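Written out below as structure tokens is the structure these notes cover.
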Amino acid sequence: MNIEQQITSLRVELQEHNHKYYVLDTPTISDFEFDQKLKQLQALELAHPEYDDPNSPSHRVGGAVTKNFETIVHEHRMYSLDNSYSKEDLEDWETRIKKMVDGDVSYTCELKYDGASISLTYENGALLRAVTRGDGFQGDDVTTNIKTIKSVPLKLTGDYPPKFDIRGEIILPWEGFNIMNEEREALGLELYRNPRNTASGSLKLQDSAEVAKRPLDCLLYNITGNNLGITTQIESLQKARDWGFKVPNASKLVHSIEEVLEFVNHWDVARHDLPYETDGVVVKVNNLQQQEELGYTAKAPRWAMAYKFKAEQVSTRLREITYQVGRTGAITPVANLEPVELAGTTVKRASLHNADQIEKLDIREGDEVFVEKGGEIIPKIIAVDLTKRPVISAPTVYISECPECSTTLIRKEGEAQHYCPNEAGCPPQIVGRIQHYISRKALDIEGLGGETVALLVKENLILDYADLYTLTVDQLLPLERMAQKSAENLVNGVEASKTIPFERVLFGLGIRYVGETVAKKLAKHYRHIDAIATASEEDLISVDEIGGKIAESVIAFFEKETNRHLIERLKAHGVQLEISAEKLANQSDTLKGKTFVVSGVFEMPRNDLKKLIEDNGGKVSSSISAKTSYVVAGDKMGPSKLEKATSLGVSIITEKDFLLLIR
């Protein structure tokens, strides 16, 4: 056996032993024997670098240092999940599903793991990259750190597709977490608060050798890609196991919501015996074709629902009620609490939402209150323990003036929140608008964070986001913690933001009610900021998914002279305030005014087909109605959809017919 064959043989053997130990939990050799074989491989690789392989088992020990994690756009977006908390929520979800798909619906129940979301990309059976969830559209490349996690396969076995993504959670089991804290306690260091945050923080450590020391694990649950040859979710979980991934065996195929609830009730108790954190159950439509037909909302898949276990509750004392001012001027009352442990974290503050909520709970300073984590993430006060209320206690009087600029607050009819109308002079509003403008989903300006924005405003270097484009390195250098390189990075980041596409700039302007999805709709329809600025309320409402409330807010924004002047300054600086010619070249109005329903299996990926409809001015709907212009029918189109389309006289066309329609 020559050197190359020896190296290959050792790699294969070590990969098999890794899989048996960390995935199957059935080791066949001792730790000493494994370490000896690993040292033998490392020695051979060191002597013969010409046979290097980035996915060799020797790379699991870490050592590479990453100073800046590269941002990677997800090929397939990572959505969040809608939550449910009751049988009624699940039944309502099922009712919506059955209106949209044909045939019987079965469900896959899986545990909802509490860790850091990760997307692993494999090409030709080898790990290509690992990317954090980020904002769902893009995340950080943490491949070097992920390679140190022993349960993540570097090479696959079996009948895997040429390329695919697999999503899961990086977790820190309780046993490893407790050992890490024992070590920190012995060294007199502050203890880690909970496994989830510790796992998440581990992924961004710069030294992968430090990550390798942490007992992280990776649990996988979703395969994503094109032409994978898989028809159900339960099948995909087994395929993932066969290829070498660690997929817990708790998943179960069920055929009714009653069976879903049986699964939930079992694991609400049994979860306390698991070696890692879990906070609920994820229920998915099992049939992948039905998943495709159901599609997605702006934030979540319609075919999945997270059922959250009942939140933990604790009681503590409300020390003081303070008030925060948001970027839109909205006032949020905040409960400042005696610190209390809740679901693995120390809770010191909780939102009280608005004046109505305070009045409803009759909450007062000094009260003993019950706190829970809504979805075990955001703390909220759910009730007051009136038996412990101090004898001397006065009802809470909501503030009438802005806590930051003393301007008299206003409350519009029909709205729950009070607002500070001093947009131009209220510091948190000024800072908040600029922070929103530079945020990741908007202009995503590298080298500029929220604290730096606050400092720039405090030093009177900027008063609005257009001022960012006049900043110079010389202006920045005198600032605290601002060196030559960081100043240059900030200025370069601002300059690079001029290439950010129009829809993200529009979102970044901070127009009330114009979120990410609405900004895309408006940008696509009007194509230029001037067309939006001069649109009437009637015209705006005619745009898909734009209602009266949004239309009024858009008009109010552009009616203000300060905002119009702001837009002109952004134009002068070269910020993208219209859809680029390149993007326009791929769009048309051929299908304007027409609504399509896509049903069945097609040659091109379904999402590509939907994008073609939208790029050519059409609208995609999930259900057939009298307003449907065409049903694009593929193989295995559901019989009830066919029947409904026929009864309503809706035109049924093939994929080929559709392509002729737009060409």
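Working note: Karplus 6.51/-1.76/1.60 with θ = phi - 60° gives the stretch 650-663 the couplings 7, 5, 10, 10, 8, 4, 5, 4, 4, 4, 5, 4, 8, 9 Hz, where Gly and Pro are set to x. Alpha-carbon geometry of the stretch 332-371: the Rg and the Dmax are 10.7, 30 Å, given in that order.
Counting Lys +1, Arg +1, Asp -1, Glu -1, what net charge surrounds Met180 among other residues with beta carbon under 14 Å of its beta carbon? Write out the running numbers ahead of the final one.
Values: positive: Arg184, Arg193, Arg196, Lys213, Arg214; negative: Glu175, Glu182, Glu183, Glu185, Glu190, Glu210, Asp217.
Net of charged neighbours comes to -2.
Under 5 Å from the amide H of Arg349 lie the amide H atoms of Leu337, each residue being 5 or more positions distant or on a separate chain, with H modelled from the backbone and absent for Pro and chain starts.
Were the residues from Asn197 through Met604 laid out at 0.36 nm apart, the gain over their Cα-Cα distance would be 142.5 nm. Relative intensity of the stretch 281-362 on a log10 scale, I(q)/I(0) at q = 0.21 Å⁻¹, equals -0.96, per a Debye sum over C-alpha point scatterers of equal strength in the absence of solvent. Taking every alpha-carbon pair under 8 Å whose residues sit at least 6 apart, the stretch 383-517 reaches a relative contact order of 21 percent. In order along the stretch 116-128, phi translates into HN-Hα couplings of 9, 5, 9, 10, 9, 10, 10, 10, 6, x, 10, 5, 8 Hz, rounded to whole numbers, per the Karplus curve 6.51 cos²θ - 1.76 cosθ + 1.60 with θ = phi - 60° and x for Gly and Pro. Diffusion coefficient of the stretch 566-638 by Stokes-Einstein, Kirkwood radius over Cα pairs, 4 °C, 1.567 mPa s: 90 µm²/s.
Dipole magnitude for the chain: about 860 debye, using +1 per Lys or Arg Cβ and -1 per Asp or Glu Cβ, origin at the Cα centre. What the Cβ-Cβ distance of Met1 and Thr28 gives, at R0 = 22 Å and to the nearest 0.05, is a FRET efficiency of 0.50.
Expressed as a whole number of Å, what is the distance separating the alpha-carbon centroids of the stretch 581-653 and the stretch 208-259? Centre-to-centre (Cα) distance: 32 Å.
Equivalent ellipsoid semi-axes for the stretch 224-287, as square roots of 5 times the alpha carbon gyration tensor eigenvalues: give them largest first, rounded to whole Å. List each step's numbers first, then the result.
Details: eigenvalues 113, 54, 15 Å².
The equivalent ellipsoid of the stretch 224-287 has semi-axes of 24, 16, 9 Å.
Among rounded, prolate and oblate, which fits the stretch 190-322 when a ≥ b ≥ c are the square roots of the eigenvalues of its C-alpha gyration tensor, a/c under 1.5 means rounded, and a/b larger than b/c means prolate? Since a/c reaches 1.5 but b/c is at least a/b, the shape of the stretch 190-322 is classed as oblate.
Indicate the gyration tensor shape class of the stretch 77-222 (rounded, prolate or oblate), computed on the Cα atoms with a ≥ b ≥ c the square roots of the eigenvalues: a/c under 1.5 is rounded; otherwise a/b larger than b/c is prolate and the rest oblate.
Values: a/c = 2.50, a/b = 1.45, b/c = 1.72.
It is oblate, given that a/c is not under 1.5 and a/b is not larger than b/c.
Here the Karplus relation 6.51 cos²θ - 1.76 cosθ + 1.60, evaluated at θ = phi - 60°, turns the backbone of the stretch 478-484 into coupling constants of x, 5, 4, 6, 10, 8, 4 Hz, with x for every Gly and Pro. Distances between every pair of Cα atoms in the stretch 172-232, grouped in 10 Å steps from 0 to the bin holding the largest one, split as 18, 42, 18, 15, 6, 1 percent.
Would you mind computing the Rg to Rh ratio of the stretch 360-427 from its alpha-carbon coordinates, Kirkwood style for Rh? Let's see the in-between values first.
Numbers: Rg = 15.9 Å, Rh = 14.8 Å.
Checking Rg against Rh, the ratio lands at 1.07.
In the chain, a dipole from Cβ-located charges (positive for Lys and Arg, negative for Asp and Glu) runs towards its positive end, and of Ile149, Gln5, Thr408 it is Thr408 whose Cα lies farthest in that direction. Along the positive direction of the dipole of the chain (beta-carbon charges: Lys, Arg +1; Asp, Glu -1; about the Cα centre), which of Ile546, Leu591, Met604 reaches farthest? So the residue we want is Leu591.
Given a cut-off of under 8 Å on Cα pairs at least six residues apart, what relative contact order in percent is computed for the chain? Present the calculation step by step, with values, prior to reporting the outcome.
On the way: 1142 pairs, mean separation 64.2, N = 663.
In percent, rounded to a whole number, it is 10.
Semi-axes of the equivalent ellipsoid of the stretch 425-509 are 19, 16, 10 Å, computed as sqrt(5λ) over the eigenvalues of the C-alpha gyration tensor in descending order. How charged is the neighbourhood of Leu642? Take every other residue with its Cβ under 14 Å from the Cβ of Leu642, and add Lys/Arg as +1 and Asp/Glu as -1. Neighbourhood net charge equals -1. Shown for the stretch 341-416: the carbon plus sulfur share of the solvent-accessible area, taken with all protein chains present and a 1.4 angstrom probe, equals 53%. Residues whose amide H lies under 5 Å from that of Ser588, counting only those 5 or more places away or on a different chain, are Asn616, Gly617; hydrogens are built 1.01 Å from N in the peptide plane. Kindly identify the chain as rounded, prolate or oblate by the Cα gyration tensor criterion: order the square roots of the eigenvalues as a ≥ b ≥ c, call it rounded if a/c is under 1.5, otherwise compare a/b with b/c, prolate if a/b is larger, else oblate. It comes out rounded by the Cα gyration axes.
Exactly which trypsin sites (Lys or Arg not before Pro) in the stretch 303-352 are in a DSSP loop and have at most 13 other Cβ atoms within 10 Å?
Numbers: sites: Lys308, Lys310, Arg317, Arg319, Arg327, Lys348, Arg349; in loops: Lys310, Arg327.
Listed in order of number, the matching sites are Lys310.
The values are calculated or read from the model by the stated rules, or taken from the named source; none is laboratory data. Keep in mind that what you see is a predicted model, and the values were worked out from it rather than measured. Neighbour counts run over all protein chains shown; Cβ positions are idealised from the backbone, glycine included. Keep in mind that these areas ignore ligands, DNA and RNA; they rest on the heavy atoms of the full protein, side chains included. Shrake-Rupley method; radii C 1.70, N 1.55, O 1.52, S 1.80 Å.
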